[in-house]
Amino acid sequence: MKYIRQILAIVLLIAFISPIHAEEKGVKEGGIDLKEILFGHINDSYDWHIATINGHHVTLHLPVIVKSSSGWHAFCSSAFSEDVDAHGNRPGPYGLYISGSEENENKICEIVNGQEVRPLDISITKTVVVLFIDAILLLLCILIPARWCKKHKPEDPAPKGFVGLMHIFIMYIYDDVIKASLGKEANKYAPYLLTCFFFIFIANIMGIVPFPPGGGNLTGNITITFFLALCTFLITNFTGTKAYWKDIFWPEVPTWLKAPIPLMPIIEFFSIFTKPLALMIRLFANMLAGHAIALSLACIIFIMFGINAAAGTSMTVVSVAMSIFMMLLEVLVCFIQALVFTMLSSVFISLAHVHEHSK
């Protein structure tokens with residue numbers, strides 16, 4: 001255990017120095033596209049860029065499934081040209097292309113009646129692949145401890161290794177977060193809340209791993225955080241008690257605040273939507289900002305090398321040190337954001353299970 005910090009620092013150092021050497025030649029010859037580096041990692045794409053070795057891009061091309069004006073089409077994303085045409089688009093088969101326009105940037109489009117339109121797109125993108133990988137890891141984190149519990153009795157010695165670590169996480173989240181908020185109803189909502197915690201935590205951790213199958217910015221995608229917040233919203237409001245809805249539409253405040261102008265009911269009604277909105281934005285913004293900052297710190301090296309070699313060399317040490325610190329901080333943030341989402345979800349659910357106040 002005493003060598004964990006040293007090993008982690010070395011791994012992170014290698015993770016940041018490797019791309020620096022891989023891109024150094026390009027920096028000296030003509031600079032780099034910082035926007036492409038930042039948004040290439042953060043945004044979704046139809047292929048998964050793994051590494052660049054001696055100027056050669058190692059890329060995992062993913063399946064494209066679209067319904068265009070000419071019907072359904074399924075092909076590999078490698079069918080799209082790497083070079084852009086005069087309009088900044090990457091042409092592909094069946095009249096399709098990856099758009100370079102500001103409105104539909106990096107999206108599959110086609111020209112219909114002289115207008116650029118997006119076809120029905122259900123392609124297996126990078127985000128979808130990362131989602132599958134994280135889902136598999138989540139299942140392993142659940143099924144392996146469950147198998148151990150099935151084969152052992154409660155009075156048996158506590159498990160060790162991975163199963164023991166999972167037990168620590170589960171008991172901590174259940175006892176100190178879920179049960180503390182929901183009390184007797186903890187068992188009813190624990191499966192959902194524990195799933196939320198481990199899915200977000202795994203997705204966050206995999207997002208900061210600099211090599212496949214990691215590197216996907218899943219929780220930095222607002223679609224994912226929207227779905228998670230939507231699940232909490234539906235559970236909260238569809239299981240709410242009569243007292244919960246009474247407190248929204250007829251709260252215990254002076255009558256002039258709710259009739260004839262329903263001021264407080266309107267405020268309480270909008271709070272139904274602001275709570276999951278806060279869940280969605282908090283997780284999305286924190287994880288997106290963390291990735292952007294870590295990448296920006298690494299890009300400082302490229303910028304300084306564009307000025308001169310001395311500035312680049314001196315800034316390399318500072319940038320790598322700050323990047324390592326930021327990545328270590330990101331590990332803590334990964335846990336905190338998963339914990340906060342689970343905690344707030346359990347609090348929102350518990351607030352929806354209020355009962356009539358005793359007179």
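The values are calculated or read from the model by the stated rules, or taken from the named source; none is laboratory data. Remember, predicted model here, so these are calculated numbers, not experimental data. Reconstructed Cβ throughout: ideal geometry from the backbone, glycine too, with neighbour counts over all protein chains shown. The area values use the complete protein model at the heavy-atom level, side chains included, leaving out ligands, DNA and RNA. Shrake-Rupley method; radii C 1.70, N 1.55, O 1.52, S 1.80 Å.
When the residues of the stretch 94-109 are filtered to those that are part of a strand (DSSP E or B) and not aliphatic (A, V, I, L, M), the one that is least open to solvent (accessible area, probe 1.4 Å) is 109. Within the stretch 306-332, the set of residues being in contact with a Gly (Cβ under 6 Å, 6 or more places away or on another chain) and within 16 Å of residue 207 (Cβ to Cβ) comprises just one member, 330.
Scanning the stretch 137-184 for residues that are modelled with pLDDT of 90 or more and acidic (Asp, Glu) returns 175, 176. Scanning the stretch 229-239 for residues that are assigned to a helix (DSSP H, G or I), in contact (Cβ under 8 Å) with a residue 24 or more places away in the chain, out of contact with any Phe, Trp or Tyr (no Cβ under 7 Å at 6 or more places or on another chain) and open to solvent by 10 Å² or more (accessible area, probe 1.4 Å) yields 230, 231, 233, 237. Yes or no: residue 197 more than 22 Å from residue 125 (Cα to Cα), part of a helix (DSSP H, G or I) and not aliphatic (A, V, I, L, M)? Answer is yes for this residue. Can you tell me which residue within the stretch 110-124, out of those that are polar (S, T, N, Q) and in a loop (DSSP other than H, G, I, E, B), is least open to solvent (accessible area, probe 1.4 Å)? Across the stretch 110-124, the extreme among qualifying residues is 123.
Here's the yes/no breakdown for (1) closer than 27 Å to residue 203 by Cβ; (2) surrounded by 20 or more Cβ atoms within 10 Å (Cβ to Cβ); (3) touching a residue at least 40 places away in the same chain (Cβ under 8 Å):
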residue: 301; (1), (2), (3): no, yes, yes
residue: 304; (1), (2), (3): no, yes, no
residue: 338; (1), (2), (3): yes, yes, yes
residue: 346; (1), (2), (3): yes, yes, yes
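Take the residues in the stretch 193-228 that are open to solvent by 10 Å² or more (accessible area, probe 1.4 Å) and of a type in the set (Ser, Thr, Tyr), then tell me which one is farthest from residue 281 (Cα to Cα). Going through the qualifying residues, I end up with 195.
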